[in-house]
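Just below is one structure, and these are the notes that go with it.
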Amino acid sequence: MGNPFSRLNLVYNPFEPAGSGAPVSGALWVPERWRQPLQDFIDAMEYTRGPKAYAILGGYGSGKTYLLRWLERVEFPKRRIRAFYFDNPGAQFYDLANSLLRQIGREEFAKSLWEFLNPQLPGFQMSLFGNPFREWLRTVKKYRRQDEAIRLLAEKIAERQIATDEEVRYKLARLIVETYDQPYFEYKDFVAGHRTSLVAEREEAPYFAAVLRSLRFTGSANAIGFLLDEFEEISLQKRLTKRQAHDYLSTMKRLIGLTEREQFWIVIAMTPQAKDITAKLEPALWERFVSHGKHEFEIPPLNDYEAVELVQHRLKSARPEEGGSDNLFPFPKELINYLREDIKSSPRRLVKVCSLAIARAASTSISGIEVPFTADYINRIQEELYPSVTSTEEGSIK
Ligand SMILES: Nc1ncnc2c1ncn2[C@@H]1O[C@H](COP(=O)(O)OP(=O)(O)O)[C@@H](O)[C@H]1O
Ligand SMILES: [Mg+2]
């Protein structure tokens, strides 16, 4: 039996049924209206002082995750910004540091830093085989030369200007030497000062800054970029306890401070409601984060032109041969006229409707679906997924 999608001139269904996140493969495309503000922001801040922080706002299914993934895979790499994507990071700075190292891998991080620092201990015979980093650590341990190794690494860390603070240099050196013996980080390395209700306006995060520099140097990158998705999860918790609010604000402050002092970018995505909560918790902090509204962007609903482009780009990625034509087949040319406004303006709804339309037409058990799809077929699909509601109910469904 042939590929069920071949009748549709496709190799697979390019629309994910859940209508969430970015596809695993294929080039990512974003509308000009989304791309421009982000590129302008990076252009403006690349050589300017001030917070390199940006907020992407949008309702559920508006394309926030997709836009962050585009930054991660397309725009940041183009500018040699090493990108890290975080889904729903915790409120604490410690959570972020921890998930960062989990993403890279503790060993990978320590090993590349060790290679970069290239510490030569006197009287050491390095084997040329196996894993030199592991060998080195084993020998250090065997002859109880940990203190000496840490001292040497700390010196190198100073030389390469990874950290100025002596304690931080020592901590980072210890992190390398204890690669296989200790957890990623210790909580106390990251807690913000004392447990007072007041958060210092410009909180320092020297250890984290040293980790960022290590990542930059070992990755030969110009900068590090953090993409924090679903930031709303934190601020939208039903009741934000005093402690959680404190952690949340303190994390924001430290992140902003880092973007000012380091080659470090941060883009967060959240719903407009979460923004309102954050802005109310501490208005001055939010204003600082988004540079008084200059560095924030709310994803607009798709217009007809963008909706057609979105569908075309997706179809193109799944055509049997390279450079397939730009047409909408198996959708009809007039697709946009057959879709309801609330469907075609929302990326999630549009993707889900297209996904089901294609899945059903490809299903071997349901035969006789006409191609290109008829207005009636498309209408049935969208009504099935998103039944029409009277205007009073509208807005209550997702
Ligand atoms: N520019 C785009 N091109 C193609 N598909 C997109 C685009 N933007 C969003 N989508 C798709 O729309 C759906 C919803 O997007 P998503 O980023 O998950 O929304 P959000 O994170 O705001 O809830 C996903 O299936 C996503 O792949
Ligand atoms: Mg999302």
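The values are calculated or read from the model by the stated rules, or taken from the named source; none is laboratory data. Everything quoted here is computed from the prediction, not taken from an experiment. Note that each Cβ is placed from the backbone with ideal geometry, even for glycine, and that neighbours are counted across all protein chains shown.
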Name the single residue, out of those in the stretch 352-378 being exposed (fewer than 15 other Cβ atoms within 10 Å of the Cβ) and in a helix (DSSP H, G or I), that is farthest from ligand 1 (Cβ to nearest atom). Asp376
Exclusive hit being more than 16 Å from Glu75 (Cβ to Cβ), buried (at least 16 other Cβ atoms within 10 Å of the Cβ), away from ligand 1 (no atom under 16 Å from the Cβ) and not hydrophobic (A, V, I, L, M, F, W, C), set Asn3, Asn13, Asn9: Asn9
Report yes if some residue within the stretch 219-237 is modelled with pLDDT of 95 or more and of a type in the set (Phe, Trp, Tyr); otherwise report no. yes
Which residues, taken from the stretch 52-71, are more than 12 Å from ligand 1 (Cβ to nearest atom) and surrounded by fewer than 21 Cβ atoms within 10 Å (Cβ to Cβ)? none
Counting only residues that are within 13 Å of ligand 2 (Cβ to nearest atom), more than 13 Å from the chain's Cα centre (by Cα) and in a strand (DSSP E or B), how many does the stretch 42-77 have? 1
What residue, among those in the stretch 215-231 that are out of contact with any Leu (no Cβ under 9 Å at 6 or more places or on another chain) and more than 15 Å from Met45 (Cα to Cα), is farthest from ligand 2 (Cβ to nearest atom)? Ser220
Residue by residue through the stretch 18-41, note down the ones that are within 16 Å of ligand 2 (Cβ to nearest atom) and part of a loop (DSSP other than H, G, I, E, B). Ala18, Gly19, Ser20, Gly21, Ala22, Pro23, Val24, Leu28, Val30
